[in-house]
1. Return the distance in nm (one decimal) between the two label points of a simple spin-label model at GLU171 and LYS224, each offset 7 Å from Cα along Cα→Cβ.
2. Go ahead and collect, in residue order, the members of the stretch 133-167 whose backbone nitrogen is under 20 Å from a label point 7 Å along the Cα-Cβ direction of GLU113.
3. Step through the table entries LYS39/LYS134; LYS29/LYS213; LYS80/LYS151; LYS134/LYS224, compare each Cα-Cα distance with 26 Å, and write down the pairs that go over it.
4. What figure in square angstrom, to the nearest 10, would you give for the accessible area of LYS91 with a 1.4 Å probe?
5. Keeping all protein chains in position, work out how much accessible area ASP109 exposes to a 1.4 Å probe, and write it in Å² to the nearest 10.
6. Which FRET efficiency, nearest 0.05, do VAL22 and GLU206 yield, Cβ-Cβ r, R0 30 Å?
7. Would you mind computing, in nm to one decimal, how far apart the modelled labels at GLN157 and LYS80 are, each placed 7 Å from Cα along Cα→Cβ?
8. Please state, to two decimals, what the Cα-based radius of gyration of the stretch 16-222 comes to when divided by 2.2 N^0.38 Å (N = residues).
Amino acid sequence: MPTRSSLWQVDPMRMRKVKWAVEYLPQSKVLVADPAENKGKWKELLQTDTLHVELGCGKGKYSLDMAAMNEQDGFVAVEKNESAAGIAARKMDEDGRDKKLRLIMGDADRIGEWFAPGEVDVIHLNFSDPWPKKRYAKRRLSAPSFLEQYKTVLSSQGKIIMKTDNAPLFEFSVPQFLSHGFSLEEMSVDFRREEHPEDAITEYEEKFIEQGKPIYRAVFAKEKA
Ligand SMILES: C[S@@+](CC[C@H](N)C(=O)[O-])C[C@H]1O[C@@H](n2cnc3c(N)ncnc32)[C@H](O)[C@@H]1O
(Lines give C-alpha, C1' and ligand atoms only; values in the text may rest on other atoms or scores of the structure.)
Protein backbone atom coordinates (compact mmCIF):
# COMPACT_ATOMS: atom_id res chain seq x y z
CA MET A 1 0.00 0.00 0.00
CA PRO A 2 1.63 3.31 -1.01
CA THR A 3 1.93 5.90 1.74
CA ARG A 4 0.25 9.26 1.40
CA SER A 5 3.60 10.97 0.75
CA SER A 6 4.73 8.37 -1.79
CA LEU A 7 1.50 8.98 -3.72
CA TRP A 8 2.79 12.47 -4.39
CA GLN A 9 6.01 11.14 -5.89
CA VAL A 10 5.92 11.31 -9.63
CA ASP A 11 8.59 11.45 -12.24
CA PRO A 12 9.24 15.22 -12.19
CA MET A 13 10.36 16.87 -15.39
CA ARG A 14 14.00 17.24 -14.43
CA MET A 15 15.24 17.80 -17.94
CA ARG A 16 18.91 18.22 -18.56
CA LYS A 17 19.76 21.15 -20.81
CA VAL A 18 19.28 20.19 -24.45
CA LYS A 19 21.74 22.42 -26.28
CA TRP A 20 20.26 22.15 -29.76
CA ALA A 21 16.78 22.93 -28.43
CA VAL A 22 17.90 26.05 -26.56
CA GLU A 23 19.80 27.23 -29.65
CA TYR A 24 16.79 26.52 -31.88
CA LEU A 25 14.37 28.75 -29.96
CA PRO A 26 15.28 32.22 -31.35
CA GLN A 27 14.65 31.10 -34.95
CA SER A 28 11.31 29.43 -34.22
CA LYS A 29 8.29 30.66 -36.17
CA VAL A 30 5.78 29.76 -33.44
CA LEU A 31 7.69 31.35 -30.58
CA VAL A 32 6.36 34.74 -29.48
CA ALA A 33 9.35 36.64 -28.13
CA ASP A 34 7.39 39.41 -26.42
CA PRO A 35 3.96 37.97 -25.53
CA ALA A 36 2.81 41.13 -23.71
CA GLU A 37 2.81 42.90 -27.10
CA ASN A 38 -0.16 40.71 -28.08
CA LYS A 39 -2.17 41.38 -24.94
CA GLY A 40 -5.77 41.90 -26.03
CA LYS A 41 -4.88 41.00 -29.65
CA TRP A 42 -4.33 37.24 -29.59
CA LYS A 43 -7.64 36.41 -31.29
CA GLU A 44 -6.88 38.87 -34.04
CA LEU A 45 -3.37 37.48 -34.42
CA LEU A 46 -4.62 33.89 -34.64
CA GLN A 47 -7.80 34.75 -36.57
CA THR A 48 -10.00 32.87 -34.12
CA ASP A 49 -13.05 33.30 -31.90
CA THR A 50 -11.89 30.73 -29.36
CA LEU A 51 -8.59 31.04 -27.57
CA HIS A 52 -7.05 28.14 -25.61
CA VAL A 53 -3.97 28.47 -23.40
CA GLU A 54 -2.04 25.43 -22.19
CA LEU A 55 0.18 26.06 -19.16
CA GLY A 56 3.22 23.80 -18.77
CA CYS A 57 3.03 22.28 -22.26
CA GLY A 58 6.29 20.32 -21.95
CA LYS A 59 7.36 19.18 -25.41
CA GLY A 60 4.16 20.55 -26.91
CA LYS A 61 2.29 17.48 -28.16
CA TYR A 62 -1.10 18.38 -26.65
CA SER A 63 -1.42 21.91 -28.03
CA LEU A 64 -0.01 20.81 -31.37
CA ASP A 65 -2.47 17.93 -31.77
CA MET A 66 -5.43 19.90 -30.40
CA ALA A 67 -4.70 22.84 -32.73
CA ALA A 68 -4.51 20.47 -35.69
CA MET A 69 -7.77 18.73 -34.63
CA ASN A 70 -9.60 22.04 -34.07
CA GLU A 71 -8.46 24.17 -36.98
CA GLN A 72 -10.75 27.08 -36.13
CA ASP A 73 -9.51 27.41 -32.54
CA GLY A 74 -6.38 29.29 -31.52
CA PHE A 75 -3.86 27.74 -29.10
CA VAL A 76 -1.08 29.34 -27.08
CA ALA A 77 1.23 26.87 -25.34
CA VAL A 78 3.30 28.08 -22.39
CA GLU A 79 6.44 26.38 -21.07
CA LYS A 80 9.04 27.70 -18.68
CA ASN A 81 11.78 25.15 -19.29
CA GLU A 82 13.98 26.35 -22.15
CA SER A 83 14.93 22.90 -23.39
CA ALA A 84 11.34 21.61 -23.38
CA ALA A 85 10.20 24.83 -25.08
CA GLY A 86 12.89 24.46 -27.76
CA ILE A 87 11.83 20.87 -28.48
CA ALA A 88 8.16 21.97 -28.61
CA ALA A 89 9.03 24.88 -30.91
CA ARG A 90 10.81 22.69 -33.42
CA LYS A 91 8.05 20.08 -33.38
CA MET A 92 5.43 22.78 -33.93
CA ASP A 93 7.44 24.46 -36.71
CA GLU A 94 8.04 21.19 -38.54
CA ASP A 95 4.46 19.90 -38.25
CA GLY A 96 2.80 20.28 -41.64
CA ARG A 97 -0.83 20.38 -40.43
CA ASP A 98 -2.93 23.56 -40.59
CA LYS A 99 -3.15 25.17 -37.17
CA LYS A 100 -3.43 28.41 -35.27
CA LEU A 101 -0.71 27.95 -32.70
CA ARG A 102 1.92 29.97 -30.84
CA LEU A 103 4.39 29.23 -28.05
CA ILE A 104 5.45 31.36 -25.11
CA MET A 105 8.60 30.54 -23.20
CA GLY A 106 7.98 31.84 -19.71
CA ASP A 107 6.49 31.23 -16.31
CA ALA A 108 2.71 30.81 -16.12
CA ASP A 109 2.68 33.21 -13.17
CA ARG A 110 2.93 35.99 -15.79
CA ILE A 111 -0.30 34.99 -17.56
CA GLY A 112 -1.94 38.26 -16.46
CA GLU A 113 0.80 40.27 -18.20
CA TRP A 114 0.29 38.42 -21.48
CA PHE A 115 -3.50 38.18 -21.77
CA ALA A 116 -6.12 40.87 -21.30
CA PRO A 117 -9.08 40.43 -18.92
CA GLY A 118 -11.64 38.10 -20.51
CA GLU A 119 -9.44 37.25 -23.50
CA VAL A 120 -8.97 33.50 -22.87
CA ASP A 121 -11.72 30.91 -23.36
CA VAL A 122 -10.09 27.72 -22.12
CA ILE A 123 -7.07 27.09 -19.90
CA HIS A 124 -5.57 23.60 -20.02
CA LEU A 125 -3.53 22.22 -17.12
CA ASN A 126 -2.07 18.90 -18.19
CA PHE A 127 -0.10 16.79 -15.73
CA SER A 128 1.18 19.86 -13.92
CA ASP A 129 4.14 19.43 -11.59
CA PRO A 130 2.63 18.38 -8.23
CA TRP A 131 5.16 20.12 -5.96
CA PRO A 132 4.41 17.65 -3.12
CA LYS A 133 6.24 19.54 -0.36
CA LYS A 134 4.03 21.97 1.51
CA ARG A 135 6.63 24.71 1.33
CA TYR A 136 6.40 24.67 -2.48
CA ALA A 137 2.59 24.44 -2.64
CA LYS A 138 2.47 28.00 -4.00
CA ARG A 139 4.13 26.76 -7.19
CA ARG A 140 1.26 24.38 -8.02
CA LEU A 141 -0.60 25.71 -11.05
CA SER A 142 -3.81 25.34 -9.03
CA ALA A 143 -2.53 27.48 -6.13
CA PRO A 144 -4.64 30.54 -5.22
CA SER A 145 -2.32 33.17 -6.80
CA PHE A 146 -2.64 31.38 -10.16
CA LEU A 147 -6.42 30.93 -9.80
CA GLU A 148 -6.91 34.66 -9.23
CA GLN A 149 -5.07 35.41 -12.48
CA TYR A 150 -6.98 32.70 -14.37
CA LYS A 151 -10.26 34.26 -13.23
CA THR A 152 -9.18 37.60 -14.66
CA VAL A 153 -7.97 36.44 -18.07
CA LEU A 154 -10.86 34.01 -18.64
CA SER A 155 -13.96 35.13 -20.53
CA SER A 156 -17.34 35.00 -18.76
CA GLN A 157 -17.98 31.55 -20.28
CA GLY A 158 -14.36 30.55 -19.61
CA LYS A 159 -13.29 27.08 -18.50
CA ILE A 160 -10.30 25.37 -16.98
CA ILE A 161 -9.64 21.76 -17.91
CA MET A 162 -7.29 19.84 -15.67
CA LYS A 163 -5.86 16.36 -16.23
CA THR A 164 -3.49 14.56 -13.90
CA ASP A 165 -2.39 11.10 -12.81
CA ASN A 166 -1.67 12.48 -9.34
CA ALA A 167 -4.50 11.84 -6.86
CA PRO A 168 -3.15 14.13 -4.10
CA LEU A 169 -2.72 17.00 -6.57
CA PHE A 170 -6.28 16.42 -7.79
CA GLU A 171 -7.60 16.31 -4.21
CA PHE A 172 -5.75 19.54 -3.46
CA SER A 173 -6.91 21.29 -6.63
CA VAL A 174 -10.66 20.59 -6.73
CA PRO A 175 -11.48 22.48 -3.48
CA GLN A 176 -9.08 25.26 -4.49
CA PHE A 177 -11.07 25.88 -7.66
CA LEU A 178 -14.39 25.65 -5.82
CA SER A 179 -13.34 28.21 -3.22
CA HIS A 180 -11.92 30.63 -5.80
CA GLY A 181 -14.92 31.37 -8.00
CA PHE A 182 -15.15 28.23 -10.15
CA SER A 183 -17.84 25.57 -10.33
CA LEU A 184 -17.30 21.93 -11.21
CA GLU A 185 -18.83 21.03 -14.58
CA GLU A 186 -17.39 17.58 -15.21
CA MET A 187 -15.26 15.14 -13.29
CA SER A 188 -13.78 11.73 -14.01
CA VAL A 189 -11.40 9.60 -11.98
CA ASP A 190 -10.67 7.29 -14.93
CA PHE A 191 -11.03 9.50 -17.99
CA ARG A 192 -9.36 7.10 -20.45
CA ARG A 193 -11.55 4.14 -19.48
CA GLU A 194 -13.67 5.34 -22.37
CA GLU A 195 -12.51 6.56 -25.76
CA HIS A 196 -12.12 10.34 -26.00
CA PRO A 197 -11.00 11.04 -29.55
CA GLU A 198 -11.86 14.74 -29.06
CA ASP A 199 -9.09 15.12 -26.48
CA ALA A 200 -5.43 14.69 -27.46
CA ILE A 201 -3.16 12.54 -25.30
CA THR A 202 -0.17 14.39 -23.83
CA GLU A 203 3.37 13.01 -23.64
CA TYR A 204 3.09 12.31 -19.92
CA GLU A 205 -0.40 10.89 -20.31
CA GLU A 206 0.87 8.40 -22.89
CA LYS A 207 3.30 6.99 -20.31
CA PHE A 208 0.69 6.81 -17.56
CA ILE A 209 -1.82 5.07 -19.83
CA GLU A 210 0.87 2.51 -20.73
CA GLN A 211 1.47 1.96 -17.00
CA GLY A 212 -2.27 1.39 -16.50
CA LYS A 213 -2.66 4.43 -14.25
CA PRO A 214 -6.07 6.15 -14.09
CA ILE A 215 -6.26 9.67 -15.45
CA TYR A 216 -8.15 12.21 -13.34
CA ARG A 217 -9.88 15.01 -15.22
CA ALA A 218 -12.06 17.91 -14.19
CA VAL A 219 -13.65 20.82 -16.02
CA PHE A 220 -14.27 24.02 -14.05
CA ALA A 221 -16.40 26.93 -15.21
CA LYS A 222 -15.92 30.51 -14.13
CA GLU A 223 -18.82 31.46 -11.90
CA LYS A 224 -20.83 34.52 -12.87
CA ALA A 225 -19.60 37.56 -10.94
C1 LIG B 1 5.07 17.05 -15.70
S2 LIG B 1 5.40 18.06 -17.09
C3 LIG B 1 3.97 17.78 -18.13
C4 LIG B 1 4.21 18.20 -19.56
C5 LIG B 1 2.99 18.09 -20.48
N6 LIG B 1 1.92 18.96 -20.05
C7 LIG B 1 2.49 16.67 -20.58
O8 LIG B 1 1.40 16.39 -20.04
O9 LIG B 1 3.16 15.84 -21.20
C10 LIG B 1 5.06 19.70 -16.43
C11 LIG B 1 5.61 20.80 -17.31
O12 LIG B 1 5.15 22.04 -16.80
C13 LIG B 1 6.21 22.98 -16.84
N14 LIG B 1 5.92 23.99 -15.81
C15 LIG B 1 5.85 23.81 -14.47
N16 LIG B 1 5.55 24.94 -13.84
C17 LIG B 1 5.41 25.89 -14.82
C18 LIG B 1 5.11 27.27 -14.80
N19 LIG B 1 4.92 27.92 -13.65
N20 LIG B 1 5.05 27.93 -15.96
C21 LIG B 1 5.27 27.26 -17.15
N22 LIG B 1 5.57 25.96 -17.22
C23 LIG B 1 5.64 25.27 -16.08
C24 LIG B 1 7.45 22.15 -16.56
O25 LIG B 1 8.64 22.79 -17.00
C26 LIG B 1 7.14 20.88 -17.33
O27 LIG B 1 7.58 20.97 -18.66
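1. 3.5 nm
2. 138-154
3. From the list (LYS39/LYS134; LYS29/LYS213; LYS80/LYS151; LYS134/LYS224), the Cα-Cα distance tops 26 Å for LYS39/LYS134; LYS29/LYS213; LYS134/LYS224.
4. Accessible surface of LYS91 is approximately 70 Å².
5. 80 Å²
6. Efficiency computed from Cβ-Cβ geometry: 0.75.
7. 3.2 nm
8. Compared with the compact-globule rule of thumb, the stretch 16-222 sits at 0.96.
The values are calculated or read from the model by the stated rules, or taken from the named source; none is laboratory data. Source: prediction; values computed, not measured. Heads up, the Cβs are rebuilt from the backbone with ideal geometry, glycines too, and the neighbour counts pull from every protein chain shown. To get the accessible areas, we keep the full protein, side chains included, count just its heavy atoms, and leave off ligands, DNA and RNA. Shrake-Rupley method; radii C 1.70, N 1.55, O 1.52, S 1.80 Å.
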